[in-house]
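The values are calculated or read from the model by the stated rules, or taken from the named source; none is laboratory data. This structure is a prediction, so every number in the text was calculated from the model and none was measured. Every residue, glycine as well, gets a Cβ built from its backbone with ideal geometry; the counts of neighbours run over all protein chains shown. For the accessible areas, the whole protein counts, side chains as well, though only heavy atoms, and no ligand, DNA or RNA atoms are used. Shrake-Rupley method; radii C 1.70, N 1.55, O 1.52, S 1.80 Å.
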Amino acid sequence: MTEKKIVLRAKNVQREFVSGDTTVTALRNCSLDVSAGEFVAIVGKSGSGKSTLANCLSGLDRPTSGTVTLLDRDLATLSEAEMAGLRAKEIGFVLQKDNLIPSLTIEENVAAPLVMGGMKLSAALDRARDMLAEVGLQHRAGQWPSQVSGGEAQRAAVARACVAEPAIIFADEPTGSLDEENGKQVQEIFHKLVATTGAAGLIITHDMDLAAGADVVVTIVDGQVVSTERKA
Ligand SMILES: Nc1ncnc2c1ncn2[C@@H]1O[C@H](COP(=O)(O)OP(=O)(O)OP(=O)(O)O)[C@@H](O)[C@H]1O
Ligand SMILES: [Mg+2]
């Protein structure tokens, strides 16, 4: 078997939150490798540290100690501007809800990462409309986020996270605010688009059904990685 390139590596990541004289240790010694094209699910109960881990891995937050390496770059060594540039180019992110910018249309939202990457607006909008067609939303392209359903907004958010073909796409409870049917649709679209772009996918969930389709399931309990199961 050929070794796949490691896109993301976390080594002994610790995150403490200090307020007054109390310290909450949200993550303890978390280590994890994600390879190109690999689909990873992070599962754990509410409060176990899943979002904190995703935020540290994606450069939204900085660990108290330990290292996070994305595409061979140690995130701790990057300036804010370098971090923002790396995030814009190589990381897609889908949150539970409210992903879209309300003052941009659906197609403008999806085009935004391309425009920020330097693509001309007309070309970016063409590409955004192609992506919207892939997630079944071509008829919503010119509408505002307030005019679409929660499921449609999440599908558009997945399209936006994937459009610039980042190296890794994170989704933190992407179906958490949806009913079962819409949740399933968003899940399928996330899997499909991540596979099409060849990116690594990292989904955070406490829904074992959502985790079932992953190549790797990482379980967190009280801020610690207690198991990493790789499908044969
Ligand atoms: N900014 C913060 N300041 C203080 N404590 C925090 C902060 N963010 C998270 N925590 C604490 O860290 C722990 C882990 O929180 P986190 O949000 O990562 O959990 P989670 O697994 O994502 O939970 P959920 O499933 O409810 O989203 C919790 O005890 C939480 O209260
Ligand atoms: Mg969370």
Given a 1.4 Å probe, the accessible area of the chain per residue, as a whole number of Å², is 49 Å²
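For the ranges 161-170, 73-82, what's the packing order if you count other beta-carbon atoms within 10 Å of each residue, average per peptide, and put the highest first? Walk me through the numbers on the way to the answer.
Details: 161-170: 23.2, 73-82: 12.6.
Ranked by mean Cβ neighbours within 10 Å, highest first: 161-170, 73-82.
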Please check: in the Gaussian network model of the chain (C-alpha springs, under 10 Å), which one of G136, G151, G118 has the largest mean-square fluctuation. G118
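Expressed as a rounded percentage, what relative contact order does segment 83-149 have, with Cα pairs under 8 Å and six or more residues apart? Provide the component values of the computation, followed by the final result.
On the way: 53 pairs, mean separation 24.7, N = 67.
That works out to 37 percent.
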When only Cα pairs under 8 Å and 6 or more residues apart are kept, what is the percent relative contact order across the chain? 28 percent
Looking at this model, which pairs from K50/K231; K4/K231; K45/K192; K192/K231; K45/K89; K97/K231 are more than 24 angstrom apart at the alpha-carbon? K45/K192; K45/K89; K97/K231
Taking the chain as a Gaussian network, where each spring joins two C-alpha atoms under 10 Å apart, which residue of V186, V221, V194 fluctuates the most? V221
Among beta bridges that DSSP assigns inside segment 6-230, antiparallel share in %, nearest 5: 55 percent
Mind giving me the nanometre distance, one decimal, between the label points for D215 and V18, set 7 Å out from Cα along Cα→Cβ? 3.9 nm
Here the alpha-carbon Rg of the chain over 2.2 N^0.38 Å rounds to 1.00
Which angle from 0 to 90°, rounded to the nearest 10, does the C-alpha axis of helix 121-134 make with the longest principal axis of the chain? 80 degrees
Suppose R0 equals 41 Å. What FRET efficiency, 1/(1 + (r/R0)^6) with r the Cβ-Cβ distance, do D72 and K184 give to the nearest 0.05? 0.70
